[in-house]
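Peer 1: Sharing a structure with you now.
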Amino acid sequence: MSPTKPLITIVGALSKQGRSAARSLLESGNYRVRALTRCTDSVEARRLAHDGAELMNVPLEPGQKQAMVTAFEGSHGAFLMTPPIAPPDTHEAALGRELADAAVEAGVQHLVFSSLENVDQITQGEKFAPHFTDKANIENHIRTLPVQSTFIIPAFFYTNLLEYYIPRMDGDTLIFPIYLPEDFRAPFVDPTSATGPAILEIFSHPEKYAGKSMPIVGDILSPREMVATFTRVTGRKAAYSSAYTREGLLHHFPDFAANELFVRELLGMAEYAAEYGYYRPDRDLAWSRKIDPNSLTWEQFLRSTGWQGQAQSFGV
């Protein structure tokens, strides 16, 4: 790849969002990509390297600022993500601030951060969802830095149902334990395919998106509609079962009871979405589908993946 092309460094490059971003940037032919990961010898890492990415091993944890500065050196832009950190661990905000500070110190000109809404602020402390609020606080910190910045806000992932809320057989019926009320219509997206086009669009038009927060949405539908679509596409008998309440969540996932803060966060996240709406009212929910007409609906996701209800990992 020509060294004259702008270099974009991706933090968490082997995550679902990171791989999507790397793929779109590389396929455009307009950018070089540096992929930061702790697993440079994994199959996915080797695939990225084969596609043209430069791999760099950097621990994604607080206290590694100088290593992060080195990793960002020479980069025109950076796509930043913080990994999922389950309570009681609380270092996500500190890690995100350190990543952003290191990028600025290294001379990065444009930061794109994968953020979420500030649940604590929106609900005035009623709902406990630090996974959302910590990312929003990182966004607030980035906005104070002397650097151009843009933020993406992904919807709920379709892949949550494949990785975490996995359906289970009960007789001849596949039971979907879903974390939202049956008739609540929520935004969903496939992070493995929708993130990249959004990141490419933002880095290709930096002035247009400077300071903005852009939702990434593939479909808006209810759990009832999701299950019905699954049955229509696969021909398999399926039914919704609530994991929205504490009782329902622990019925389906009894091991979660060992971490009360984790249970509170899962319930708080879902209650926030159902009672306040996943996104703030002023967000442009059609944006990502405008810039990427190939963004997958739930039905298209099912047809393209061939998913039949089995557990599926998207790890490295």
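The values are calculated or read from the model by the stated rules, or taken from the named source; none is laboratory data. Because the structure is predicted, anything quoted here is derived from the model rather than measured. Heads up, the Cβs are rebuilt from the backbone with ideal geometry, glycines too, and the neighbour counts pull from every protein chain shown. Side chains included, ligands, DNA and RNA excluded: accessible areas come from the protein's heavy atoms. Shrake-Rupley method; radii C 1.70, N 1.55, O 1.52, S 1.80 Å.
Peer 1: Just to be sure, is residue 230 open to solvent by less than 60 Å² (accessible area, probe 1.4 Å), among the aromatic types (Phe, Trp, Tyr) and more than 20 Å from the chain's Cα centre (by Cα)?
Peer 2: Numbers: open to solvent by less than 60 Å² (accessible area, probe 1.4 Å): yes; among the aromatic types (Phe, Trp, Tyr): yes; more than 20 Å from the chain's Cα centre (by Cα): yes.
Yes.
Peer 1: If you don't mind, there's one more thing I want to ask. For the stretch 29-47: of the residues being surrounded by 14 or more Cβ atoms within 10 Å (Cβ to Cβ) and at pLDDT 95 or above, which is farthest from residue 7 (Cα to Cα)? I'd like the intermediate steps shown before the answer.
Peer 2: In the first step, residues of the stretch 29-47 are kept if they are surrounded by 14 or more Cβ atoms within 10 Å (Cβ to Cβ); the result is 31-40, 42, 44-45, 47.
If we keep only those that are at pLDDT 95 or above too, we end up with 31-36.
Numbers: 31: 6, 32: 5, 33: 6, 34: 7, 35: 10, 36: 13 Å.
Checking each candidate, the answer is 36.
Peer 1: Being of a type in the set (Asp, Glu), in contact with a helix residue (DSSP H, G or I) (Cβ under 9 Å, 6 or more places away or on another chain) and within 30 Å of residue 151 (Cβ to Cβ) is the requirement here; does residue 271 meet it? Please lay out each step first, then the result.
Peer 2: Values: of a type in the set (Asp, Glu): yes; in contact with a helix residue (DSSP H, G or I) (Cβ under 9 Å, 6 or more places away or on another chain): no; within 30 Å of residue 151 (Cβ to Cβ): yes.
No.
Peer 1: Restricting the first residue to the stretch 9-21 and requiring it to be within 16 Å of residue 204 (Cα to Cα), which pairs with a second residue that is open to solvent by 10 Å² or more (accessible area, probe 1.4 Å) and in a strand (DSSP E or B) meet a Cβ separation below 6 Å and a spacing of at least six or different chains?
Peer 2: The qualifying pairs are 9/34.
Peer 1: Moving to a separate point now. Looking only at the stretch 103-159, filter to residues that are without any contact (Cβ under 8 Å) to a residue 12 or more places away in the chain and over 26 Å from residue 68 (Cβ atoms); which one of those is surrounded by the fewest Cβ atoms within 10 Å (Cβ to Cβ)?
Peer 2: 124
Every residue, every condition in (1) open to solvent by 30 Å² or more (accessible area, probe 1.4 Å); (2) at pLDDT 95 or above; (3) under 17 Å from the mean Cα position of the chain (by Cα); (4) among the acidic types (Asp, Glu), yes or no:
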| site | (1), (2), (3), (4) |
| --- | --- |
| 271 | yes, yes, no, yes |
| 277 | no, yes, no, no |
| 281 | yes, yes, no, no |
| 284 | yes, yes, no, yes |
| 287 | no, yes, yes, no |
| 290 | yes, yes, no, no |
| 300 | yes, yes, no, no |
| 304 | yes, yes, no, no |
| 309 | no, yes, no, no |
